[in-house]
Amino acid sequence: MLVTMSVLTVLGGILILYSRAGESTTVLLRELAKISSDINRAKNLALTTTTFVDQEGNKINPCGYGVYFDLLQNQYTIFADLASDCATSSHLRDPEGNADVETISLSKPLELKSTEPDQVFFLAPDPTVIFPDAATEMEIRLGPANGAIMSVKVTKTGQVSTY
């Protein structure tokens, strides 16, 4: 009877550890899907040339929409480029956040490990994909503090994939 109880205890412990590892993997996969969806959402906002409504209620036609990843705050922001001349705009996020559409924080056990570059922009109406510093693609890596790291990649053609 003692041997049976020992075997059941060991098997129960293995099951508990396995279920926790599965839970963290599920959270990671869900967050990767959410990031991919939000990048595609910014692309769709640029594609449909959606108007931006500022804090005073004014409707503005932006040059396009982008996504900025903040490693320090462990969050990302969908933003609009409100430049008056789209041809000469840098298409970067306003540091003061005047044209932010939405800011999304990552789930607690996960953290952004790296993003190279830190933002992607979709120029309306095509949308043309623009990365800062003449980069040709973007990779966002995230995962728990100790564990598997997975990535979201955005290519120059606007394709979003996870791996």
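Inside region 118-147, residues that are within 26 Å of T25 (Cα to Cα), touching a helix residue (DSSP H, G or I) at 6+ places or on another chain (Cβ under 7 Å) and surrounded by fewer than 15 Cβ atoms within 10 Å (Cβ to Cβ) make up a count of 1. Out of all the residues in region 107-136, which are within 14 Å of the chain's Cα centre (by Cα) and not aromatic (F, W, Y)? Once the filter is applied, which keeps residues that are within 14 Å of the chain's Cα centre (by Cα) and not aromatic (F, W, Y), region 107-136 yields S107, L110, E111, L112, K113, S114, T115, E116, P117, D118, Q119, V120. The set of residues from region 74-84 being of a type in the set (S, T, Y) and either in contact with a Phe, Trp or Tyr (Cβ under 9 Å, 6 or more places away or on another chain) or in a strand (DSSP E or B) (or both) comprises Y76, T77. Comparison of G57, G66 shows that the only residue that is of a type outside the set (A, V, I, L, M, F, W, C) and touching a residue at least 24 places away in the same chain (Cβ under 8 Å) is G66. Total residues in region 39-73 satisfying the condition of being surrounded by fewer than 19 Cβ atoms within 10 Å (Cβ to Cβ) and assigned to a helix (DSSP H, G or I): the figure is 4.
Of the residues examined, S90 is one that is under 25 Å from K153 (Cβ atoms) and modelled with pLDDT of 90 or more.
For region 105-129, the set of residues classified as closer than 14 Å to F79 by Cα and not in a loop (DSSP other than H, G, I, E, B) consists of Q119, V120, F121, F122, L123, listed by residue number. For region 83-92, the criterion of being of a type outside the set (G, A, S) and closer than 30 Å to L29 by Cβ is met by none of the residues.
The values are calculated or read from the model by the stated rules, or taken from the named source; none is laboratory data. Since we're looking at a predicted model, the values are computed, not measured. Because the Cβ atoms are built from the backbone with ideal geometry, glycine has one as well, and the counts that use them run over all protein chains shown.
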